[in-house]
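Visitor: This is the structure I have questions about; it appears just below.
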Amino acid sequence: MSVWNNAVPGRDEQFVRKREALLRAAAQSFNRRGYHGTSLTDIAKKLGVTKAALYTYVPSKEELLYYCHASAMDAAFEALEPGRARGRNGLEKLTIRPMGYLEPMLSQEASFVLPMEEHAMRLAHVKAIIRRRDQFERGLRELIDDGIKDGSIAPCNPKLAAFVALGALNWVRKWYAPGGTWSGYQTAFALTEMIERALSSRPAKSLTEDPSELPAEALPDVAPPKAKAGRRPA
């Protein structure tokens, strides 16, 4: 029997929503202030609840950090699939992936943590995250290797190229602020464009100079136009 004609979220749905809000608040604090510079009291104040209330959703701050890392890895693996399915060559398969990863990562709803303080977690969690991260990195290297073989990516060391791409993608979470000059989509597109040019065997002669002139969000099945050349600083 439905309660309030299903107009009010049920207990399970409320739990999920509150836990997601907790992960978002924690990720924002961890990324800005670091794991050791953030306390559960800080996160509770950010959410307008008591510290004791947080223990309903996570047993500890360390567990909270692990969940945020796991959320980032989930999104990373999900982003690999569209590239593999839609890309016509190795370069396309590789560069479709950053867009699928960056857009949600740069949204205000993201609960991803910059992967730098994983060793603050207990050993079992560290091993789990490193195992998934290594698996993901191997997936990127395979796409880069495919691109080298089909001629779409310039001959290079696939492992080093994967590390360069991952470094650029993951560091965005450190400096990007939702609600700023550029939308998450504009930032994701411009950064992906740079990665593509760096690896392409036929690099473009120019790049987007002003991301704010791109569409603010993705248009279904339509590639965004190039921004007009401009000199405005970020």
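Visitor: Ala85 versus Ala204, label points 7 Å from Cα toward the beta carbon: distance in nm?
Guide: It is 2.5 nm.
Visitor: Solvent-accessible area per residue for region 55-202 at a 1.4 Å probe radius, Å²?
Guide: So region 55-202 comes to 48 Å² accessible per residue, rounded to a whole number.
Visitor: Hey, another quick one. In what sequence, highest mean first, do 11-18, 158-165, 134-141 appear when ranked by Cβ atoms within 10 angstrom?
Guide: Final packing ranking: 158-165, 134-141, 11-18.
Visitor: If packing is taken as the mean number of other Cβ atoms within 10 Å per residue, what is the order of 184-196, 39-51, highest first?
Guide: Result, highest mean Cβ count within 10 Å first: 184-196, 39-51.
Visitor: Can you figure out the FRET efficiency of Ser39 with Arg11, using R₀ = 45 Å and their beta-carbon distance, to the nearest 0.05?
Guide: On the way: r = 28 Å, r/R0 = 0.63.
That pair, Ser39 with Arg11, gives E of 0.95.
Visitor: Report, in debye and to the nearest 20, how large the dipole of region 179-221 comes out about its Cα centre when Lys and Arg carry +1 and Asp and Glu carry -1 on their Cβ.
Guide: The calculation lands at about 260 debye.
Visitor: Could I ask something else about it? Quickly work out the Glu137-to-Thr50 label distance, labels modelled 7 Å from Cα along the C-beta direction, and quote it in nm with one decimal.
Guide: Spacing of the two 7 Å Cα→Cβ label points: 4.4 nm.
Visitor: Here's a follow-up. Given 0.36 nm per residue, what is the gain on full extension from Lys149 to Met194 after removing their alpha carbon distance, in nm?
Guide: Difference between extended and current length: 14.1 nm.
Visitor: Heavy atoms only, probe 1.4 Å: what % of the accessible area of region 143-215 goes to carbon and sulfur, would you let me know?
Guide: The value for region 143-215 is 58 percent carbon and sulfur by accessible area.
Visitor: Given R₀ = 35 Å, what would the calculated FRET efficiency be for Val126 paired with Glu20, taking r from the Cβ atoms and rounding to 0.05?
Guide: Rounded to the nearest 0.05, the efficiency is 0.90.
Visitor: When the dipole is taken about the Cα centre of region 54-211, and only Lys, Arg (+1) and Asp, Glu (-1) are charged at their Cβ, what size is it in debye, to the nearest 20?
Guide: In debye, rounded to 20, region 54-211 gives about 400.
The values are calculated or read from the model by the stated rules, or taken from the named source; none is laboratory data. Just so it is clear, the model here is predicted, and its values are computed rather than measured. All Cβ positions, glycine included, derive from the backbone under ideal geometry; neighbour counts span all protein chains shown. The protein model used for the area step is the full one, side chains on, heavy atoms only, and it has no ligands, DNA or RNA in it. Shrake-Rupley method; radii C 1.70, N 1.55, O 1.52, S 1.80 Å.
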